[in-house]
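Novice: Okay, handing you the structure first.
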Amino acid sequence: MTPDTGAFLAEARDWLAAHMPPGPLPSVDTAEGFEWHREWERALAAARLSVVSWPTEYGGRDASLLEWLAFEEAYYAAGGPVRVGQNGLFLLAPTLFAHGTREQRDRLLPPMARADEIWAQAWSEPEAGSDLAAIRSRAVPTDGGWLLSGTKTWSSRAAFADRAFGLFRTDGVGADADGAGGDRHRGLTYLLFGLRDPGVTVRPIRQLGGETGFAEIFLDDVFVPDANVVGAPGDGWRIAMSTASHERGLSLRSPGRFVAAADRLVALWRGVGEPADTATAHRVADAWIGARAYQLHTNATAVRLAEGGTLGTEASMGKVFWSELDIALHETALGLLGPRAELRGERWLEGCLFALAGPIYAGTNEIQRTVIAERVLSLPRASATSPGRSSTSFGRPPASPWAAALHDLLDAADVPAAARSWADGDRSTGLALWGRLAGLGVTALAVPEKWGGLGASATDLATACEELGHHAVPGPVAESLAAVPALLSALAETEGRAVPDEAESPEADDSATDGGVRAPGELPAPGDRADRCGDWLAGLATGDLLATLAMPPRLPLAADAEAAGLVLLAEPDAISAGRAGPRQRSVDPSRSLSVVNGDDVLARNAAAAVARAFDLGALACSAQLLGAARALLEASVRHARVRVQFGQPVGTFQAVKHKLADVVIAIEFARPLLDAAAAAIDRDAPTVPRDVSAAKVACGDAAALAARSALQVHGAIGYTAEHDLSLWLTKVRALAPAWGSQAWHRQRVVTSLALPSTIEPPSVGPCAAAPVTSAPSPDVERDESPWA
Ligand SMILES: Cc1cc2nc3c(=O)[nH]c(=O)nc-3n(C[C@H](O)[C@H](O)[C@H](O)COP(=O)(O)OP(=O)(O)OC[C@H]3O[C@@H](n4cnc5c(N)ncnc54)[C@H](O)[C@@H]3O)c2cc1C
């Protein structure tokens, strides 16, 4: 965080704390409530907090996008009322910064910032909803301007607002006048008009909740001067798309709103939740995880934009994600309220009624899913007969040259063949592959440098494990690469505090050796233990040794023991070298489970070391699951492009597109949780258990969804063991319950939420170089009074 940002945020928090209205404002969808909210906006403006992302000359603070996100978080955390000026502040203003004239900015922005002029969005028409280009309202040139006629509808708060921005069909520019034929996206003009101008009639419309949230606007030869055309006449579609990108963009709904709602939900659950009702508790955990995922994802996008990136289809993915999260949050709260949930005025009910509209406004979620399928996954458009573009890689580009080399190594190796041989009992090709991975340093990642390892970060380890999951590499990945090195490192550090010296242990006296030969169950001397663990670590680093372990909550089972030269039993009170019992077949044919008997105790009372090893293993498993989810999605997209039914690739069908769009959304929002968990391990944060469990829940759910969808999209061929898809389908089934089931991890998140900790504020620095004037925003919103 830069000092300026810190000072700004501190000032904003102080001001909000001192000036927050003492009780809920009346609903913004009533005449009275609208004016109360206008007064609040004026107070914000007087404190120069109404448009923090605008340039100072227009009343802003030149705040960067990251600073704006932090401000939003502080605003909602303080219980700030809905922003009544949002359509102007967050949709029209960025459009004017990008496409308006200096004169328009100077004339329109100051009264907008002060809430003297509140704007409505007038796009939808009775015959033009999702298909905005079907609009019929017209603007006809006249002396010094234009005459508007037609009907606009569903315009949020237009019953009370002052002015509106809309899109109009313009004669003589581009396509024909009524939109029939020609390019419907041409011949449209972006115009501004007053809602009380002569010729304008506004009909209020009551919404589902009974208040006047909408209005219909009838225009009868309404005069608009040329000065109120934004951009060039006929260029309205392009300009409207710029507005829409802000509307759907990363801050149509800033994360602060959902983070605050998730915190309130957790508080509600703490207050009224039944401890025995784990189903509801897990829904609370899911809502909290969703809010955190959205927060982390948005912050990562903001950092990318600050570094010169552009906002692409994340906007559509984010829109689907937050709108469904919002419904889940509110419905979970209503479930907790019991009979009170039907009472009007109940804050969660009012919020839920509004949340139900989220999948409709700002481009319906069906339209967004189609956009995601066609632009992110490159699935063919309807009626296409060709497969479309061939690229099917949806992961982020490799984070480093090393990650790229690992990717290339695995791409070039025939991993499916190695996995099939491994399943048949011939592990030679698989082990040769592990040898090549060792050559690249993969097996040395989690081994400290002292024992010949790389001492790499958990972030690097997660990157590697994701790649191994992506290629379905057989063998004890999470165990040998992550958990065992973590455990052995703790044991080898005889001076370290992770493993208490035996002298501290009640059993210490039993550990005496007899002539250098220890009986089973006796403890080695610290130096002996360090030597043995050091030797094993050195073997792991070079790849000469593979290892596995059994640990809670999967005691006494260890995976892939037949490939492991070292088998450990890690219990909270004792860690032993052990022997694996007979191999039991896993659903994943290239994997097995064995019961481990520990017969050579290495250390006692090493719960902290076991806990750290577990979290590293669970992180590695989550990364493998995320990699597998990507592989399943890629295979599905490849198949959907070439499998022809009814004369078209099946990927042209919307049912298939939307299924795969949901998979890519799940992957997209699981990734930031995985990154955050790895970062938490790297800085040894107290939140590690919660963060790792949130990552496991999200990655496991994404992988399960990817597997179910992949099977469905492939049809019967996917249901065969012959098709390589089966390698990932079965691996996901096997990894889902490994390292703690999904329910186990949800419960761990729940347990952490029972503590008085909430979602941390985002990390703000380093801030964007350039101020943004485009903090996107909601187009509509109900008052979610924070004082109910
Ligand atoms: C609370 C709220 C506030 C709003 N505020 C404003 C505002 O301020 N200004 C404004 O101009 N508008 C506003 N709208 C209108 C909003 O933009 C439209 O409702 C939206 O564009 C959808 O149009 P529609 O309602 O006509 O539904 P339709 O387009 O008729 O769609 C009906 C159903 O068919 C589906 N569908 C349509 N086409 C396709 C397709 N090609 N593929 C798959 N499915 C499809 C849709 O997803 C939807 O499920 C608001 C709406 C709501 C609910």
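Novice: Quick one: Kirkwood hydrodynamic radius for segment 80-135, alpha-carbon pairs, angstrom, one decimal?
Specialist: One over the average 1/r among Cα pairs gives 12.7 Å for segment 80-135.
Novice: Next question, about the same structure. In whole Å, largest first, what are the principal axis extents of the Cα atoms in segment 44-198?
Specialist: Projected onto its principal axes, the Cα set of segment 44-198 covers 50, 31, 30 Å.
Novice: In addition: Give the Rg/Rh ratio for segment 195-309, taking Rg as the radius of gyration of the Cα atoms and Rh as the Kirkwood radius, to two decimals.
Specialist: When Rh is taken as the Kirkwood radius, the ratio is 1.16.
Novice: Could you rank the peptides 617-625, 647-655, 406-414, 228-236 by their average count of other C-beta atoms within 10 Å per residue, with the highest value first?
Specialist: 617-625, 228-236, 647-655, 406-414
Novice: Continuing with the same structure: Residue 274 to residue 597: extension gain in nm, 0.36 nm per residue of separation minus the Cα-Cα distance?
Specialist: Length gained, residue 274 through residue 597: 112.3 nm.
Novice: Between residue 133 and residue 185, what is the label-point separation in nm under the 7 Å Cα-to-beta-carbon projection?
Specialist: Taking the simple label geometry, residue 185 and residue 133 are separated by 0.6 nm.
Novice: If you average 1/r across every pair of different Cα atoms in segment 23-113 and take the reciprocal, what Kirkwood value do you get, in Å?
Specialist: Mean inverse Cα-Cα distance, inverted, gives 13.8 Å.
Novice: Grab the eigenvalues of the alpha-carbon gyration tensor for the chain, scale each by 5, take roots, and send me the semi-axes largest first in whole angstrom.
Specialist: 55, 30, 22
Novice: Starting from the Cα of residue 319, draw a straight line to each of the lysines and keep only those under 30 Å, dropping any in the same chain fewer than 8 residues away.
Specialist: 152, 657, 659, 696
Novice: May I pose another question? So, in Å, what gap is there between the alpha-carbon centers of segment 711-750 and segment 585-634?
Specialist: Each part reduced to its Cα centre gives a spacing of 15 Å.
Novice: Something else now. Under a crude label model (7 Å from the Cα following the beta-carbon direction), how far is residue 417 from residue 684 in nanometres?
Specialist: So the two model labels end up 4.7 nm from each other.
Novice: Hey, another quick one. Nearest 0.05, what FRET efficiency do residue 304 and residue 436 give at R0 = 30 Å with Cβ-Cβ as r?
Specialist: 0.35
Novice: Say a site is exposed when it is one of the GluC sites (Glu not before Pro), sits in a DSSP loop, and has at most 13 other Cβ atoms within 10 Å; what is then the longest site-free stretch of the chain?
Specialist: The answer is 496-721.
Novice: Could you give the length gained by full extension between residue 10 and residue 719, i.e. 0.36 nm per residue of separation minus their alpha carbon distance, to one decimal place?
Specialist: 249.5 nm
Novice: So, counting K/R as plus one and D/E as minus one, what does the shell of residues with Cβ under 9 Å around residue 459 add up to?
Specialist: Neighbourhood net charge equals -3.
Here, each number is a calculation from the coordinates, and none is a lab measurement. Quantities reported herein were computed from a predicted structural model and do not represent experimental measurements. Every residue, glycine as well, gets a Cβ built from its backbone with ideal geometry; the counts of neighbours run over all protein chains shown.
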